[in-house]
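*Asks:* Questions regarding the structure given below will be posed in turn.
Please treat every number below as a calculation from the coordinates, not as lab data. In this text the structure is predicted, and so the values were computed from the model without any measurement. Cβ: placed from backbone, ideal geometry, glycine included. Neighbour counts: every protein chain shown.
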Amino acid sequence: MAKKVSRIGVLTSGGDSPGMNAAIRAVVRTGIYNGLEVYGIMRGYQGLIEDDIYKMEGRSVANIIQRGGTILKTARCKIFHTAEGRRKAYEILQRRGIDGLVIIGGDGSFRGAVEFSKEFDIPCIGIAGTIDKDIAGTDFTIGFDTAVNTAVEAIDKIRDTADAHDRLFIIEVMGRDAGYIALHSGIATGAENILIPEQKTDIEDVIASLQEKERRKKLVNLIVVAEGDEFGGANEVAKAVKERLPQTETRVCILGHIQRGGAPTCLDRLIASRMGYHAVESLIEGRHNVFVGIQNNKMNYVPLDKVHKKKSTISDEWMKIVKILAS
Ligand code: ADP
């Protein structure tokens, strides 16, 4: 029989992602609805260790569902990597009587929760908040949809100016070592080439496709590059293009942190609300040390110690579609 929880803490950790606030709101209000006390822990594991914790009420999360970032702030915390740091965190939770934790973050934050729950009897529930969508066991992670829509909006604008000047634009998008943002935004904006870490980048192939398009007088070209592509980022690709095609007018645009910010999309608000609700239900029902994912529109609870990075399996069919539609 799992221990009953009565006082829970919620924190956001690692890279921020739009929609984290909607998840915090869902955790707080579901907790209160079920008669739990809910505590907000500031700046992830760092605030936990420093006892930067305050009690939240239903009103504490008013007017945040539409806001990017996280009202609890986030941080990367070195001392949580040490047994001593985690013991300190445990002592603080004990002192405050907090007997359950909801951790909103990426796979790194989940690894921290695994270490913590191996050493101490505090149930932890993860909610996947990352724009990279690189966690296996869930079709969605909070923030991906917003990030990819921000990228699409930006690339559409770049296409206008590329078209006006007949230029080649090489656009770098985020995603760390995952290519989802590049793949989705590249397809949705009609990019001629999409370079992602999951597929070997053959730069000669890219050059050949540009030359072929030049022959057909197709002068406006967009190449979308994932920041983690093994060939390098947009600057490296531009350098290679310049060396081989010195006449081609090329511009580089690195979208950067705009992809992390802004109001979350409807989809991100929905999945954050659903995951936040089920995270608290999991704590109450004794489904502990799992992360709450959604697969095939059903909740999927993955043990935190089984969490691994998802390597995207980009079907050859998608790559074929990209080639045909950009011809
Ligand atoms: P994300 O959650 O976005 O992947 P990070 O990888 O930076 O971000 O992880 C966030 C935090 O989680 C780290 O700063 C650290 O405090 C904690 N963490 C990550 N990995 C571990 C680990 N193996 N052991 C303990 N804590 C960890």
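*Asks:* Looking at the chain, what % of its DSSP beta bridges pair antiparallel, to the nearest 5? Don't jump to the answer; show the numbers that get you there.
*Replies:* Values: 11 of 44 bridges.
Taking every DSSP beta bridge with both residues in the chain, the antiparallel ones total about 25 percent.
*Asks:* Whole percent per 10 Å bin, from 0 to the bin with the longest distance: what is P(r) over all C-alpha pairs of the stretch 145-260?
*Replies:* Going from the shortest bin to the longest, the percentages are 15, 52, 30, 3.
*Asks:* What dipole magnitude, in Debye to the nearest 20, does the stretch 144-186 give about its Cα centre under +1 on Lys/Arg Cβ and -1 on Asp/Glu Cβ?
*Replies:* On the way: 4 positive and 8 negative charges, 16 e Å.
The calculated dipole for the stretch 144-186 is roughly 80 debye.
*Asks:* About the Cα centre of the chain, what is the dipole size in debye to 20, counting +1 per Lys and Arg Cβ and -1 per Asp and Glu Cβ, all else neutral? All intermediate terms of the calculation are to be shown ahead of the outcome.
*Replies:* On the way: 45 positive and 43 negative charges, 159 e Å.
Computed about the Cα centre, the dipole is about 760 debye.
*Asks:* Along Cα→Cβ, 7 Å out, is where each label goes; now give me the distance between the ones at Arg87 and Gln247 in nm to one decimal.
*Replies:* With each label placed 7 Å out from Cα toward Cβ, I get 7.1 nm.
*Asks:* How big is the gap, in Å, between the Cα center of the stretch 148-212 and the Cα center of the stretch 82-114?
*Replies:* 40 Å
*Asks:* Can I ask one more? Between Asn34 and Asp139, what is the label-point separation in nm under the 7 Å Cα-to-beta-carbon projection?
*Replies:* Result: 2.4 nm between the two label points.
*Asks:* Here is a follow-up. Once every Cα of the chain carries one equal point scatterer and solvent is ignored, give the base-10 log of I(q)/I(0) from the Debye formula at q = 0.08, 0.11, 0.12, 0.16 Å⁻¹, two decimals.
*Replies:* Summing over Cα pairs of the chain leads to -0.41, -0.70, -0.79, -1.17.
*Asks:* Dipole of the chain (Lys/Arg Cβ +1, Asp/Glu Cβ -1, origin at the Cα centre): which of Gln66, Cys253, Leu283 lies farthest to the positive side?
*Replies:* The listed residue farthest towards the positive side: Leu283.
*Asks:* Where does helix 144-165 land angle-wise versus the long Cα axis of the chain, in degrees 0 to 90, nearest 10?
*Replies:* 20 degrees
*Asks:* How far is the Cα center of the stretch 4-68 from the Cα center of the stretch 229-279, in Å?
*Replies:* Taking the Cα centre of each part, the stretch 4-68 and the stretch 229-279 sit 29 Å apart.
*Asks:* Please find, in a Gaussian network model of the chain (springs between Cα atoms separated by less than 10 Å), the residue of Ala23, Ala208, Ala147 whose mean-square fluctuation is greatest.
*Replies:* Ala208
*Asks:* Rounded to the nearest 20 Debye, what is the dipole magnitude of the stretch 145-260 about its Cα centre when Lys and Arg each give +1 and Asp and Glu each give -1 at the C-beta?
*Replies:* Values: 15 positive and 21 negative charges, 77 e Å.
The dipole of the stretch 145-260 has a size of about 360 debye.
*Asks:* Calculated from DSSP H runs of 4 or more alone, at -39500 (n - 2.57) each and per residue, what is the 222 nm mean residue ellipticity of the chain, nearest 500?
*Replies:* Details: 10 runs with 132 residues, N = 327.
After summing the helix terms and dividing by residue count, I get -13000 deg cm²/dmol.
*Asks:* Can you list the residues, at least 5 places off or on another chain, whose amide H is less than 5 Å from the amide H of Tyr39, using H built in the peptide plane?
*Replies:* Answer set, sorted by chain and number: Ile8, Gly9, Val10, Met56.
*Asks:* Excluding residues fewer than 8 places away in the same chain, name every one of the lysines whose C-alpha is closer than 21 Å to that of Lys55.
*Replies:* Partners within reach: Lys4, Lys73, Lys88.
*Asks:* Taking 0.36 nm per residue of sequence separation and subtracting the Cα-Cα distance, how much length would be gained by fully extending the chain between Glu50 and Gln295, in nm to one decimal? Don't jump to the answer; show the numbers that get you there.
*Replies:* Details: separation 245, 0.36 × 245 = 88.20 nm, distance 3.62 nm.
Full-extension gain reported as 84.6 nm.
*Asks:* Compute the helix-to-body angle for 20-33: its Cα long axis versus the longest principal axis of the chain, expressed 0 to 90° and rounded to tens.
*Replies:* That works out to roughly 20 degrees.
*Asks:* Moving on to the next point. Using modelled amide H (1.01 Å from N, peptide plane; none on Pro or chain starts), what sits under 5 Å from the amide H of Ile294, excluding residues fewer than 5 places away?
*Replies:* Asp139, Phe140, Asn300
*Asks:* Tell me, what ³J(HN,Hα) does each residue in the stretch 98-105 have, in order and in whole Hz, if you take phi through Karplus 6.51 cos²θ - 1.76 cosθ + 1.60 with θ = phi - 60° and put x for Gly and Pro?
*Replies:* Each residue of the stretch 98-105 in turn: 7, 10, x, 10, 10, 10, 9, x Hz.
*Asks:* Just want the answer: with Cβ charges of +1 for Lys and Arg and -1 for Asp and Glu, which residue in Ala162, Ser327, Pro18 is farthest toward the dipole's positive end in the chain?
*Replies:* Pro18
*Asks:* Compute a Gaussian network model of the chain, connecting alpha carbons closer than 10 Å, and tell me which residue from Asp52, Asp107, Asp16 fluctuates the most.
*Replies:* Sorting by GNM fluctuation, first place goes to Asp52.
*Asks:* GNM on the chain, C-alpha springs below 10 Å: top fluctuator among Gly137, Gly276, Gly106?
*Replies:* Looking only at Gly137, Gly276, Gly106, the biggest GNM fluctuation is shown by Gly137.
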